[in-house]
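Read through the structure below, which is laid out as C-alpha cells, and then see the notes.
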Amino acid sequence: MGRREAAAAEIVPLTPANPVGVAFKRSRRPHIRSRAAVWGFAFTAAVGFALVNVVDPFSGATTTPAYAESLQQIPTTERYDGAPAQNLTAPDSAALTITRDAVTVKEKPKPTPTPTPTPTASKKSSSSGGGGAPSAPIPSPGTAQAIAYQMVHDRGWGDDQYGCLVQLWNHESGWRVNASNPSGAYGIPQALPGSKMGPGWQTDASVQISWGLGYVSGRYGTPCGAWGVWQSQGWY
C-alpha cells in the first residue's frame, strides 16, 4: 500500500460493532482497479505491436514514404530468390491467311485427224467415158448376158461397161425376159411400157437388150453412168 493509501486509512477502535479488532477504513479512491486494467491493456497492445513488426516488418510501414523509396531500390526478383519476374504478353490478333496451291493449265491436246481415204480415180473405158465398174465374168454362150456382152463391145465399150450393165440389170430384172413390175415396166431393161421396145418385146432377149442399151446411151452416156445413178436413187 502506498503512502497516500496509508495516510488515507484510519484506524477504527474495537467496539461491539467491530469485534475483529483493528480495521482499515475503505479507501476514498474507487478507480484503482480501472487504472490497472488500462495499464494492462496498454502493455498488451505494445507487446502485440512489437510482435507484428518482428513477424512482418513491412506490415506497419507500407504507408510511409521511406518504405516506398526502399521498395523502389529493391529489385523485384530479390524477394523470390532471384527468379525472373513473369512477363505476360498478349498475343497479336490472329490474321487470316489464305494459301492456294499452284495451278498449272495444260492445253487440251488436239485430236489427231483421221485421214480420209481419197477415192481412187476409176479407170475409164477405152472406148467411152465410163466410171469405175465392177467386174463380171464372161457369160455363157447363148444366154442373155452373152448377147449383151457382144452388143456392148459392138458399141465400142469395154469390159468395165459390161460389168456395170450386169449389176444394173441384176437389180432391175435379174436378166429375165418376162420380168414385170406393178407399175407396168417389163423385160430385162424394165421398159415402161414394155411395148415400146418393138416387135418381139415380150420374149426376145435381143430386142429387149438392144432397146435397153439405146436407152442407157441416150440418157446416161454409158452403162456405168446409169449404174451410178441407180446407186444414188434406186432407179434409173
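Quick note: the coordinates plus some simple rules give every number you see, no bench work behind them. Computed from a predicted model, the values in this text were never measured in an experiment. Backbone-built Cβ (ideal geometry, glycine too); neighbour counts: all protein chains shown.
On the principal axes of its alpha-carbon atoms, region 160-201 has extents of 30, 21, 13 Å, going from largest to smallest. A simple packing score, the average count of other Cβ atoms within 10 Å per residue, orders the peptides 136-143, 39-46, 221-228 as 221-228, 136-143, 39-46, with the highest score first. Amide H to amide H distances under 5 Å link ALA191 with TYR186, where only residues 5 or more positions off or on other chains count and H is placed in the peptide plane. Once both labels are positioned 7 Å from their Cα atoms along Cα-to-Cβ, the gap between PHE49 and GLN202 label points is 16.7 nm.
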